[in-house]
1. Test GLU172 against the stated conditions and say whether it is of a type outside the set (Lys, Arg), in a helix (DSSP H, G or I) and free of Cβ contacts under 8 Å to residues at least 24 places away in the same chain.
2. Collect the residues in region 161-187 that are of a type in the set (A, V, I, L, M, F, W, C) and within 18 Å of PHE123 (Cα to Cα), keeping them in residue-number order.
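Quick note: the coordinates plus some simple rules give every number you see, no bench work behind them. As the structure is a computational prediction, the values presented were derived from the model and not from experiment. Please note: Cβ atoms are built from the backbone with ideal geometry, for glycine as well, and neighbour counts cover all protein chains shown.
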Amino acid sequence: MKRTERHKIKRDDFSTFMISFIKKLKPYWKEVTAAVVVFLVIVVGGLSYKAYLNSKIEKANYDLSQLLFFHREVKLSSYPQPFPQMGALLRAEALADRRKYKDALSLLSEAPLKGRMKNFLLFAEGNIFYEQNKCDKALEVWKKIQPDDDFPYDAALAYMGRCYKNLGKEKESSAAYNQLLNLYKNSPFSAEANFKAGR
């Protein structure tokens, strides 16, 4: 049998199959049409939402640069996470660098404490107290930090160890440094922890 004849038979078989398939679907034509329309709406809607989200992220990036480099006030609350939190964090650090601690803390208090940025916001808040030599308040905040893979918890432990030492609480300081050494063998704070913990 020639190749062209084989192809013709395959085409005929496929045509026959499609005709019988369409005939079987005929009683359900309204349901099939509705399903196709819903599918198309979902696809178009999904693509539109993705484009909308990308435009929001692009605008948020622009506004963050305005906020950081030109110190312009920008409302980030309408952007998708983590932009409102990241914006608050970066702006607070910029304010703290200029010793505007009250403004920095006020800004951080407005940021939502949730998701992957929660620990970073808590660490930044505690750090502002630490910069003002308010170790008791810094520790109060840092104790709320929960270890997770997205956050360098060894840094929090090192700062907690410093704060306890500044307050004269040697036992608590050693405990924080020892926890750091037990959990994070390759931490950049290991040398400090070894020295301060008296190992």
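1. It is true that GLU172 is of a type outside the set (Lys, Arg), in a helix (DSSP H, G or I) and free of Cβ contacts under 8 Å to residues at least 24 places away in the same chain.
2. Of everything in region 161-187, those that are of a type in the set (A, V, I, L, M, F, W, C) and within 18 Å of PHE123 (Cα to Cα) turn out to be CYS163, ALA176, LEU180.
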